[in-house]
Amino acid sequence: MELFLPGLLELAIVIIFFVGLGLALIVIVISRSKTEQTPITTLGEYPYPASEAVRSIAVGVLATLLTCGIYGLYWQYKQMDTLNAWLKRDEYSFWLWLFLTIITCGLFALYYEYKMAMSISQ
């Protein structure tokens, strides 16, 4: 019986991971389908749906918790995309942020958030 329990625990962790991944994909698909129905406004040179600029923080936090952080990565990507559109330049790269955040154990993410906040306040 002792050898059987670790196998069940690992199986439960894998199931929870894939359920979270599935929920993240569902949230992304639903959010994309809602934005396709909204009128498009132009921010600089980017055609950008007006509803993409405003997101519910509560839904974002809840979806991030339910998907074990996967939705948080999507949220960060959309945040950088929105900020690039508002600033009318490609200053923030999600893939650079992700790579350097992993390498620096999260320290680069703090710097990048500070840098994005300073860009908004200018």
Handout entry: Calculated FRET efficiency for the pair Arg55/Asp90, C-beta based, R₀ 22 Å, to 0.05
Key = 0.60
Problem - FRET efficiency for Ser119 and Leu65, using Cβ-Cβ distance with R0 set to 35 Å, rounded to 0.05 - result: 0.80
Completion exercise
Subtracting the Cα-Cα distance of Tyr111 and Ala12 from 0.36 nm times their residue separation yields 32.1 nm
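FYI, it's all coordinate maths here, none of it is from the lab. A quick note: this is a predicted structure, and the numbers were derived from the prediction, not measured. No Cβ is skipped: glycine too gets one built from the backbone with ideal geometry, and neighbour counts run over all protein chains shown.
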